[in-house]
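The values are calculated or read from the model by the stated rules, or taken from the named source; none is laboratory data. Note that the structure is predicted; figures quoted are calculated from it, not measured. Neighbour counts are summed over all protein chains in view; Cβ atoms, including those assigned to glycine, are modelled from backbone coordinates with ideal geometry.
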Protein chains: 2
Amino acid sequence: MSNFGFADLRLVNAYDVAFREARSAVGASALMASAREFPSVADAVADCSLVVGTASLGHRDPQTPLRRLERGARLMKRHLAEGGRGVALLFGSEKFGLSNDDLSYCHWLMRIPTRIEHESMNLGQAVAVCLYELVRDGRAPDRKAKTIRPAGGEAVDRIATQFNAILARSGYTNPTTAASTELKVRRMVRRLGLSDKDAAMWLGMLRQISWKVDRGE
Amino acid sequence: MSNFGFADLRLVNAYDVAFREARSAVGASALMASAREFPSVADAVADCSLVVGTASLGHRDPQTPLRRLERGARLMKRHLAEGGRGVALLFGSEKFGLSNDDLSYCHWLMRIPTRIEHESMNLGQAVAVCLYELVRDGRAPDRKAKTIRPAGGEAVDRIATQFNAILARSGYTNPTTAASTELKVRRMVRRLGLSDKDAAMWLGMLRQISWKVDRGE
């Protein structure tokens, strides 16, 4: 919850031992300190205008829509955008999930698209996956890697020239097909898509190799 | 991994105690039994054509692209679709994450879009979220709730009529504005969007209330 920015944790019939231990969770102490306990699901969701239960295919009641997480999360966000006050996401216990009584407080149900053969998920992982889906943004740009600038044409040319010189002096290049080999190397160096910084590193390495190759003659 | 259908677990320098305990994970015993241990990251990813490391913003090396999970997962799937053989997703230890040495085997890095203020995630939750993003399908249809059929117009009309009759006999309806009240009730009943089954249940309940109201007169 803390990782994804959700702040309102409500517990019903919490297992005290685990709850007390969890209070020390790294980075989430503020969240745990503000968690509230309620005597029943009805009390916990009394101020919510939408209650979504989590369930597996097995648990479903034919009268209650069971949606995949991808679509369910969209509907929850739309409910909030349209002015809905309080959207609750209800999870059952690790062992038994939500009871029929719990489910009767849900407007609809949501399931994580797990394999049919292995539906039951660890509770902490299920919560993480649901909250991630609520905050994910398929159109969010990556943070620009400002320091990655492509190498300029001149630097790339110098690398190719240096490389070709080394190959010629090393005996790799056959003099009769030298022109064609040089072209191939020039193209290959361009395909490397070197960054500015990497180009400088390459030139340094090639200069040193070139010096060694010359000494070896 | 088992929940989302990933089968190839590879471990480097595994913590034996935890690994032996994990072998008993409910529903995932086949996966755990086939997990393989490798002496180094290099060995573990030797047959992979793309290695993606997981990192937080803090860990980033300015030379290596760090992508958000949403986009990174798309690129991983495209790599496989284009015939890439072996895509590895590399996670570090719970405590220290990936070392610089580990990161040097990665083509690029990926981060889960957590809050900047609380970036560090539980390892199991981080794995679940990444694998979920790889299998999620925003266009997957919900399983049709075949049993939910909307109530027919006749049933809805009978409910509204029955309801109006009860309200009139209960003294709710003011005789001088009866026509307008009846219209309002009729519209309200339509807004309920009742299912076929729920309509039958409503008619049964209203019939009983009606009988009780008649007896009270």
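Quick notes
- Selected residue [assigned to a helix (DSSP H, G or I) and more than 14 Å from every other protein chain (Cβ to nearest Cβ)] from B:Ala42, B:Ala30, B:Ala14, B:Ala46: B:Ala42
- So A:Glu117, is it over 21 Å from A:Leu134 (Cα atoms) and of a type in the set (D, E, K, R): yes
- Single condition B:Ala140 does not satisfy, out of (1) small (Gly, Ala, Ser); (2) surrounded by 15 or more Cβ atoms within 10 Å (Cβ to Cβ); (3) within 30 Å of A:Asp137 (Cβ to Cβ): (2)
- Some residue of the stretch B:171-181 being assigned to a loop (DSSP other than H, G, I, E, B), at pLDDT below 90 and either within 30 Å of A:Asn122 (Cα to Cα) or facing chain A (nearest Cβ under 10 Å) (or both): no
- Restricting the stretch A:94-116 to residues that are more than 8 Å from every other protein chain (Cβ to nearest Cβ) and free of Cβ contacts under 8 Å to residues at least 40 places away in the same chain leaves a set whose member that is farthest from A:Ala44 (Cα to Cα) is A:Lys95.
- Residues in the stretch B:92-112 that are buried (at least 16 other Cβ atoms within 10 Å of the Cβ) and not aliphatic (A, V, I, L, M): B:Gly92, B:Gly97, B:Asp102, B:Tyr105, B:Cys106, B:His107, B:Trp108, B:Arg111.
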